[in-house]
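The values are calculated or read from the model by the stated rules, or taken from the named source; none is laboratory data. Given the structure is predicted, the values throughout are model-derived calculations rather than measurements. Don't worry about glycine lacking a Cβ; one is built from the backbone with ideal geometry, like all the others, and counts go over all protein chains shown. SASA here: full protein model, heavy atoms, side chains in, ligands and nucleic acids out. Shrake-Rupley method; radii C 1.70, N 1.55, O 1.52, S 1.80 Å.
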Amino acid sequence: MNKTDFLNILKEKVLIMDGAYGTELQKRKYLDDVNMAEELNIKYPDRISNIYADYINAGADIILTNTFSANSIKLKQYGLINKANDIIGNSIDLIKKISKNVIIAGDMSSVGEYIEPLGPLCFDEVYEAFAFQVKILKKYGIDILVIETMTEIKETKAAILAAKDNFKGAIIVQMTFSKDGVTSTGTSLNSFIALCEGLGVDVVGLNCSIGSKDLSRLIKILSKDTYLPISFKPNAGVPILINKTTYFPETCKTFLNSCLKAYSYGANIFGGCCGTNPKFIKTVANMLKNKLPKKRLANEKYFLSSRINAIDINKINRPIMIGERINPTNRKELQKELMKENFVSVKDEARSQVASNVTLLDINMGVPGIDEVKLLKNAIIQIQEIVNVPFCIDSSNVEALNEAIKNYAGIPIINSVNGEQNKLETIIPIAKRYGTKLIALTTDQFGIPDTAEKRLNIAKRIIGFAKKFDFEIENIIFDYLVLAVSSSQKQIRETLRAMEMSKTIYPKCKLVLGISNVSYGLPNRQILNSTFLKMAIKSGLDFAIVNPHMNWNTYNKLAENLFKNGTAVDMDNYISNFSAFKKCTKKCEDKKLPINKQLYLAILNGSYENIKEIVGEIIKFEINPFKLVNEVVLSALEVVGKKFSSKEFFLPQIILSAKAAQIAFSTVKASLKRKCSSDSKKIIMATVMGDIHDIGKNIVIAVLESYGFEVIDLGINVDAKTIINKAKEINPIVIGLSALMTTTMPEMETVVKLRNSMKLSAKIIIGGAAVTKEFANDIGADGYACDAMEAALYVKKLF
């Protein structure tokens, strides 16, 4: 089935997707004697065939292959990489043997670890893991591709790119959100929409995590902001434990009511996630299968996005300010820092510009004699985790642009391309691939034309190349280029005239200018800049690249006359009036912050680059440096925890602050020759037997280590005997147990009982997506933590 056929079907009727596999396999005890569910495809194929057949008989139009975790990273973990073709191929062949009339959807999900800086993997590793899986799914004949249960936006981006590069059929992408519409790493619904629409996904959807009623509310929001078809695949409620048995509380009737709500909002595809079964699917199919989809009109929007937020430019008052301060040109001290890959000043400047209310940040790393590809990529990775605004990625280096945008967790602007053919043929395809907006300068190899008409001719050429590469012209932002009024008075009028003409000829294309160019070489530059900005807005300006720390509310008639007329008299009048004006060069610098305050802010902001230097100063001058570092770091982490609880911070900020704290402790301990070998400060962490999820556990470990504890990570799928034997060996103060799956939670009780029988003193604290405080009390655990910060606070109290 090709993409067009599938999308045409979606216009004509509602399709039914199958239900849960994981919980259904567990309930039927089909996971016995296999390391991962996908191994069933080759070891016990009848078990998978039974579930396929049950969902087909229940009325499912779309059957997902049993390949949820069959990416190369997961298969290698279980020693099954050499059987990838058989595992994936059999999953498809089993469906074909049962029915020739269903749509076969290749199923993909997370690799289980985050991309840097949140985790150990680089973007390309994750991309290749997904590409490996997609190629085999395509080889054995899937009709469509489903990427589901995704929680992290950069990993989602890698999966989408791998899918589009290796498969030409329809692609459905489903992310997992909390009931307030945010992922665990802080991504909003609109950031998800912006990424999917930008990258050319065919269907967007929501699945897993929360119950059907809450998920249907999110569908209502989603349907208003995307023109794409929508899939709806909720859990049968949030799982609960009764007498140590997992139950999903929703009935088929409750589930159906939520599906009907989602249908009324415009959802096109309906299925089930955890806790659902063939009865749920049959109930939904009986009511919704083949119904005519509801018509809906999504809001017209112009999204730019970061990991956290998506901004609809159409809803923001003009001009939209782009902060220009992250640029090392003519800034020697900043260049020296960047030569050492020190991003402290850059990150401080990013925060400062956001505090000055910029809507976007321009990121330029053009330092002479440095590897711009590496520097720009690393700058993007670092800065995007500490601010929430979208980026304008500024480079003429094609390779640097490609690496930076690939590693950006959202939809940015590229700054820029011009009218030169070689630039157009290399940069427009990058913008198309990543779904970005593109600043286009109306200049070429012959320079900046001297008339508005000639600049518009270059704009026309750029539009032609955009159409050649199927790049939407509404994603082009023209820069008609402003020159210095001190040397090119007549050109100011040509710039404004070109903008006014462009708004008539190319109304879908937005306009941008770098404002400060206009005042070069004249006194009181900011009066000129601010006056010109107001004139440019009247000519149709949408984006202004500016220094946001300056006053943009001034307007001067002499400056206006200079821009409008450009005569020698106007120039003389302006200069004579402002020649006495002297820019205040006296720096009102605050006294240098005390060293403990520097450390506090570095931990709070996750600025780990200067930590060693700061702690080094403390070691030099403090009698008890360890005591001071300990007090400052813990107080900063306490504030980080509060910001996390109030949702001012998300996991990226937690991880960066934890990393800064780890460096602080390791530096002071190394200097004082202290060793982290005290039994009283050791902690064991493990994901219990039968459970292979470790992202949450790894985050807890990072935070605990940031508090100065030594953590021994036993990994995933660890049996009780191994955990307790290790505890006997090292005598830890705490054993931390993690479980994501409700079916593996009882293993936690096994560990508690074995600890008790061995009469070990270590406290046991448990956590995980489905774990509750009530469950912890029920099994005799000493503590429960809902997140990493709570786990750290529990351990602190033990001291």
Measuring from centroid to centroid over Cα atoms, what is the spacing of segment 445-478 and segment 67-82 in Å? 47
Nothing charged except the Cβ atoms of Lys and Arg (+1) and of Asp and Glu (-1): what's the magnitude of the dipole of segment 303-578 about its Cα centre? Round to the nearest 20 debye. 480
For the chain, what % of the accessible area comes from carbon and sulfur atoms, probe 1.4 Å? 51
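Can you give me the convex hull volume of the Cα atoms of segment 351-438, divided per residue and expressed in Å³?
Spread over its residues, the Cα hull of segment 351-438 gives 97 Å³ apiece.
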Taking Lys564 as the anchor, which lysines have their alpha carbon closer than 28 Å to its alpha carbon, excluding any fewer than eight residues away along the same chain? Lys454, Lys460, Lys490, Lys503, Lys508, Lys510, Lys534, Lys538, Lys582, Lys583
Cut-off 10 Å between beta-carbons: net charge of the residues surrounding Ile147, Lys and Arg +1, Asp and Glu -1: -3
Rounded to the nearest 0.05, what FRET efficiency is calculated for Thr329 and Leu292 with R0 set to 45 Å and r the Cβ-Cβ distance? 0.20
If the label point sits 7 Å along Cα→Cβ of Asp46, residues of segment 82-102 with amide N under 18 Å come out as 91, 94-95, 97-98
Here the net charge surrounding Asn90, from other residues whose Cβ is less than 15 Å away from its Cβ (Lys, Arg +1; Asp, Glu -1), is 0
What does the charge add up to near Ala702, with Lys and Arg as +1, Asp and Glu as -1, over the other residues with Cβ less than 11 Å from its Cβ? 0
Check the straight Cα-Cα distances from Lys336 and name the lysines below 22 Å, setting aside those fewer than 8 residues away within the same chain. Lys347, Lys374, Lys377, Lys587, Lys592, Lys612
Count neighbours as other Cβ atoms within 10 Å of each site's Cβ, and list the trypsin sites (Lys or Arg not before Pro) in segment 720-772 that are DSSP loop with at most 16 such neighbours. Lys759
For the chain, what is the calculated [θ] at 222 nm in deg cm²/dmol (nearest 500), taking -39500 (n - 2.57) for each run of four or more DSSP H residues and dividing by its residue count? -14500 deg cm²/dmol
Pair Asp165, Ser671: separation of 7 Å Cα→Cβ label points (nm): 4.5
Could you do me a favour and compute the accessible area per residue for the chain, 1.4 Å probe, result in Å²? 41
Regarding segment 170-234, what whole-number volume in Å³ per residue does the convex hull of its Cα atoms give? 72
In whole percent, what relative contact order does the chain give with Cα contacts below 8 Å and a gap of six or more residues? 8
Which parts of segment 175-203 would a label at Glu648 reach, counting a residue when its backbone N lies under 18 Å from a point 7 Å out along Cα-to-Cβ? 186
Starting from the exponent 0.38 and prefactor 2.2 Å, build the expected Rg for segment 482-629 from its residue count and divide its actual Cα Rg by it. 1.59
From the square roots a ≥ b ≥ c of the eigenvalues of the alpha-carbon gyration tensor of segment 303-578, which class results: rounded (a/c under 1.5), prolate (a/b over b/c), or oblate? oblate
Too long at a 32 Å Cα-Cα cut-off: which of Lys295/Lys467; Lys3/Lys301; Lys97/Lys697? Lys97/Lys697
Select from segment 264-354 those GluC sites (Glu not before Pro) which occupy a DSSP coil region and have at most 13 other Cβ atoms within 10 Å, ordered by residue number. Glu300
In nanometres, what is the gap between the two model label sites at Leu260 and Lys27, each 7 Å from Cα along Cα-to-Cβ? 2.2
Measure nothing fancy, just the Cα-based angle from helix 525-538's long axis to the longest principal axis of the chain, in degrees from 0 to 90, nearest 10. 70
Set the Förster distance to 25 Å, then compute FRET efficiency between Tyr227 and Thr504 from the Cβ-Cβ distance, nearest 0.05. 0.40
Alpha carbon centre of segment 515-572 versus segment 186-213: separation in Å? 42
At 1.4 Å probe size, put Ser757, Ser231 in order of accessible surface, largest to smallest. Ser757, Ser231
Just need the Rg to Rh number for segment 40-87, please, alpha carbons only, Kirkwood Rh. 1.05
Multiply the residue separation of Lys96 and Val569 by 0.36 nm, subtract the distance between their alpha-carbon atoms, and state the gained length in nm to one decimal. 161.9 nm
Cα-based Debye curve of segment 589-672 sampled at q = 0.12, 0.18 Å⁻¹ gives log₁₀ I(q)/I(0) of -0.33, -0.69
Which of rounded, prolate or oblate describes the chain when judged by the alpha-carbon gyration tensor and an a/c cut-off of 1.5? oblate
Nitroxide proxy distance, nm - points 7 Å out along Cα→Cβ at Asn422 and Lys460: 2.6
Going by the alpha-carbon gyration tensor, a ≥ b ≥ c the square roots of its eigenvalues, is segment 3-288 rounded (a/c under 1.5) or, if a/c is not under 1.5, prolate (a/b greater than b/c) versus oblate? rounded
Taking segment 303-578 and dividing mean pair separation by its residue count, relative contact order in percent (alpha carbons under 8 Å, at least six apart): 17
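Using the alpha carbon gyration tensor of segment 1-61, what are the three equivalent-ellipsoid semi-axes (square root of 5 times each eigenvalue), largest first, in whole Å?
Computed over segment 1-61, the values are 29, 13, 9 Å.
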